[in-house]
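Heads up: the structure comes next, in structure tokens.
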Amino acid sequence: MYMLKYVIKRVLLMILTLFVIMTMCFVLVKMLPFQLPLQKSQAQATLLKMQAYGYLTVTDIVALEYEINPIGEQYVNYIKNIFTNKEAPWGYSWKIKTGEPVNDLIIDRMPPTIILNVYSLIMSVPLGIGLGIYAALKKNKWQDHVVSTLVMVFVSVPSYVYAFLVQYLLFFKWGLFDSAVIDSLAEAGGWFTWSMFKSMLMPILSLSFGTIAGLARFTRAELTEVLTSEFMLLARTKGLTKGQATVRHALNNAMVPILPTIISMFINILSGSLIIETIFSVPGIGKVYIQSINQLDYDLFMGLTMFYTVIGLTAQILVDLSYGFIDPRIRMGAR
Amino acid sequence: MEKINIMDIPKNKFVFAQLDDRLHDKKFDTKPIGYFKDAWLRFKKNKSSVVAACIIILIVLFALIAPLVSQYDVTYIDTTYNKMPARNEFLSNFGIATGCKDKQMNNNLLLRNIAIGVASVFDWDKYYTAVDNGFDSNGDGTIDVVAGAAAGDAYIDSITQTDGLNSPYSPISLDSIGKSWTSGAQQYYYRDVEIDLYNELGFRYYEFTKAQLDELLIWQEKSGIQVIYPMIDTTKNISSFNFNNPNYWFKHGNVGYYPIINGTPLTNSFLSEEYDINDDYFEDNYLRNSEGIVQYFEKKSGDNYRVCLLYYNYYIYKNNHEPSFILGTDAQGYDMCVRLASGIQLSLLLSVSIFFINFLIGAIYGAIEGYYGGWADMIMERITDILAGVPFIVVATLFQLHLAHKVGVVPSLLFSFVMTGWIGTAYRVRTQFYRFKNQEYVLAARTLGARDIRLMFKHIFPNTLGTIITSSVLAIPGTIFSESMLSYLGIINLGSSEGTSIGTLLASGRSYLGTIPHLIFWPSLVISMLMISFNLFGNGLRDAFNPSLRGVEE
């Protein structure tokens, strides 16, 4: 009962937050100057579509004359469209892919981002946790010092520096991989083919270093804390070997804060990494977001902003809830 | 043992301990250690953090001192010497910063570079002496024009390939030519050559007015450094490829622009065998007047003269010193060292001011939230919830689009960082306030009549200081990273002639990652060092202020 109440409260709060953010962004975005496509037929089509959306009123379609509606009215229409418009609830992209519904475009760009990050996580989660456990078990020995120092360095160095290093060494120096991620599905033969994986290997590597180091650091910290607690001593006095005690008692407890972190990593996969996608020209969401900013593609920008916000907020809620599921002692919303 | 009845002690047994106005407690032999002193003692023991602090200080010193010491300032740009490797006369004695690069050359490229050296040997004094001797060759006081021109040409032809290699302006020297091999289907012959990129630029055409040209000539006379070299007859250059390039001062054939050596044009076959550097000469394409004397200028329209300059010496003429870019130049031609310093300055300025602003806002906001609790806390928490929900990149973009043209790029970036940055600090202050506000000493102070403000900032706030200083320091690397990321992605545009950011430097060097990696190496190194040392420093602070948290990572 506590739980249900808590979830409802959180979801309501999330909707409120979303609404406020949407309003602020919409007003700010709509205050920016608006530019029509240069080609006349495209400009006319754009104008008609925008009129259908209730953003503006066309006075003379031939001469491309129009009046922009007040922002309040535009906003009401925007929200109306989200619920009623079946084809393009979030509007159309005007610049990057003129006439393409925003939600189609986002869904279209999602697979590369998701696949890239899933590969990276599949690689880095076991490695990171493994390294962390190893360092914690060898606490204050030279192995721990080596791992901890490396982890400190790898956590701090920005991801794009890895990207440059990886690209310089693996591509320019040794010529092992392709320079860019394959853009077309036909060329790769599918999302899960070997050639696609190979072309993605450099961004995967660049994304992984930081994640591995972060997870290793977190795991080490949690596990060392658990290993020194009294129930571990009790387990040893009961006659368990060090290995048994660690696997059965320490790991379980150390995982309580680690698993939610991994869950949030998997949710944040959707948003991807802006800078890595730009460096390796991955045709994913991050890249299209940067494009929408640079070219002022308003509806796409709004749509992607909402997309990012929803993911961020959902991740937060799920992480908070997952604590309760993983460890029954933690009861969400209990007083 | 005699039993003393403590209820019945005679009055005369009581003595005063002291009769002074003040109490005289025994003084401590040791100095008292306060919270911060204690933290400092603990911090000092943490070696890695002390090293990190030193690195930070070094980087700050570099950012402040480099622009003062350097021969160049931030606005200095030399678009010809762009993407140049490091070069410094003093350091080159130790084999670093020589301005050289290893290249693989086929025979054609090798000959072209030798040709630059050969052309630079040309000396006007010697040429005119030769011509004068030719004029006087009749021995009867009349001037023999034909013989003069011929003597001049003989001087030019007397400059051999070996002379060229020995010239200080030659891109390559005999010592720098290394291993050789053949490759490809045609078995072309290649050599490893260390080439001086500053000399490789060789000659450039420039157009001057009469006054500018005279000034240059006077300087040349006075300093003894020859800047102006014979003008090239551009009508004899055969394609747009070499039309504007005075390094093609020699006669060459149509195929591959191979030079004509000793009157015979080279053919493709010379690429497949080892070319002997010998005492042959290049045939020149110099511009001559009707008498056959080599000219140093070509008259252009109006008052303008076109001349052929040795760029290295022209650089000395412009700057009064040799090129000395200690970290090379960036993609546009700015001095990398100074630009890097300006990037660090920006990063540090931003992060330090954000540190203070967030500290201030977060402390006040969190204090009010935590102290009053209840409704005030509820409402204020919702506000932070909403603010925290907006992705940072959206805030930065919108601020940039709306504010940048009004208040400038850097202030608007600052606003966007401040907008959401204080939330973490406020949250920590709030937690600490909840912990301390109900303690007895606060109650005691309240009973004594202390007001809310005094209770908040005099009694409770100092308890939170350690935590929030730590968290604010640990937020600095995040700021530096975000700033460089935004400028790398071009969402904010910080590159200007007055300064730059590390992200902009990275972005402009990005396209040359494969060919000229030092453009991206230095900014990457600096930003990595900054991030690592700030993280270590922050961790050290945390362990010092709050030893119970040692090893806990968040």
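The values are calculated or read from the model by the stated rules, or taken from the named source; none is laboratory data. Model, not experiment: these values are computed from the prediction. Heads up, the Cβs are rebuilt from the backbone with ideal geometry, glycines too, and the neighbour counts pull from every protein chain shown. These area figures cover heavy atoms from the full protein model, side chains too; ligands, DNA and RNA do not enter into them. Shrake-Rupley method; radii C 1.70, N 1.55, O 1.52, S 1.80 Å.
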Step through the table entries B:K251/B:K318; A:K95/A:K287; A:K9/B:K437; A:K141/B:K37; B:K27/B:K458; A:K30/A:K80, compare each Cα-Cα distance with 24 Å, and write down the pairs that go over it.
B:K251/B:K318; A:K9/B:K437; A:K141/B:K37; B:K27/B:K458
Give the accessible surface of chain A per residue, rounded to a whole number of Å², with probe radius 1.4 Å and ligands, DNA and RNA excluded.
48
Determine the sum of side-chain charges near A:N85: Lys and Arg each +1, Asp and Glu each -1, restricted to other residues whose C-beta is under 14 angstrom from that of A:N85.
0
Taking H placed 1.01 Å from N in the peptide plane, check which residues at least 5 places from B:K103 or on another chain put their amide H under 5 Å from its amide H.
B:V193, B:E194, B:I195
The whole-number value in µm²/s of the Stokes-Einstein translational diffusion coefficient for chain B, with Rh from the Kirkwood sum over alpha carbon pairs at 10 °C and 1.306 mPa s, is 53
Karplus-derived 3J(HN,Hα) from phi for segment A:51-67 (6.51 cos²θ - 1.76 cosθ + 1.60, θ = phi - 60°), whole Hz, x at Gly and Pro, runs 5, 4, 7, x, 7, 8, 10, 7, 9, 8, 5, 5, 8, 6, 9, 7, 10
Computed over segment B:40-194: relative contact order in percent, which uses C-alpha pairs under 8 Å that are six or more apart
21
Rounded to the nearest 500, the 222 nm mean residue ellipticity computed for the protein assembly as shown from DSSP H runs (n ≥ 4, each -39500 (n - 2.57)) alone is -19000 deg cm²/dmol
Highest-MSF residue in chain A out of A:A221, A:A63, A:A135 [GNM, Cα springs under 10 Å]:
A:A63
Give the B-A buried accessible area in Å², both sides summed, 1.4 Å probe, nearest 100.
3400
Candidate lysines - alpha carbon under 20 Å from B:K11, same-chain residues fewer than 8 apart omitted
B:K3
Rounded FRET efficiency, nearest 0.05, which uses the C-beta distance separating B:Y317 from B:T129 and R0 of 22 Å
0.35
Surrounding charge for B:P85, neighbours by C-beta under 10 angstrom, Lys/Arg +1, Asp/Glu -1, total +2
Sparse-neighbourhood loop hits (chymotrypsin sites (Phe, Trp or Tyr not before Pro), segment A:240-327; DSSP loop; Cβ within 10 Å at most 11 others) -> none
For segment A:194-208, in residue order, the Karplus 3J(HN,Hα) values (coefficients 6.51, -1.76, 1.60; θ = phi - 60°; whole Hz; Gly and Pro = x) are 5, 5, 5, 4, 5, 5, 8, 4, 5, x, 4, 4, 4, 6, 6
For B:Y296, the residues 5 or more places away or on another chain with a placed amide H closer than 5 Å to its own amide H are B:M231
Cβ under 15 Å from B:Y371's Cβ, B:Y371 left aside: what net charge do those residues give with Lys, Arg +1 and Asp, Glu -1?
+4
Everything considered on the Cα gyration tensor (a ≥ b ≥ c; rounded for a/c under 1.5, else prolate if a/b is larger than b/c, else oblate), chain A must be described as oblate
Compute the accessible area per residue over chain B, keeping the other protein chains in place, probe 1.4 Å, unit Å².
51
Under a 10 Å cutoff between Cα atoms, tell me which one of A:I279, A:I107, A:I311 has the largest fluctuation in the Gaussian network model of chain A.
A:I107
Expressed as a whole percentage, what fraction of the accessible surface of segment A:95-136 belongs to carbon and sulfur atoms when a 1.4 Å probe is rolled over the protein heavy atoms?
70
Restricting to Cα pairs under 8 Å and 6 or more apart, the percent relative contact order of segment A:200-279 works out to 38
In segment B:71-172, what percent of the accessible surface is made up of carbon and sulfur (1.4 Å probe, ligands and nucleic acids excluded)?
52
Coil-residue GluC sites (Glu not before Pro) of segment A:41-88, DSSP, other Cβ within 10 Å capped at 11:
A:E87
Short version: which residues of segment B:496-526 lose at least 50 Å² of accessible area, all chains versus chain alone, 1.4 Å probe?
B:R510, B:L513
Mean separation of Cα contacts under 8 Å, 6 or more apart, over the residue count of chain B: relative contact order %:
18
Set A:K238/B:K47; B:K126/B:K300; A:K198/B:K101; A:K138/B:K47; B:K210/B:K236, cut-off 30 Å on Cα-Cα distance; pairs above it are A:K238/B:K47; A:K198/B:K101
In nm, the gap between the two label points placed 7 Å beyond Cα toward Cβ at A:I317 and A:S41 is 4.6
Taking 7 Å along the Cα-to-C-beta vector as the label spot, tell me the B:Q212-A:L259 distance in nanometres, rounded to one decimal.
7.5
Using a Gaussian network model of chain A with C-alpha springs under 10 Å, which one of A:K173, A:K287, A:K139 is most mobile by mean-square fluctuation?
A:K173
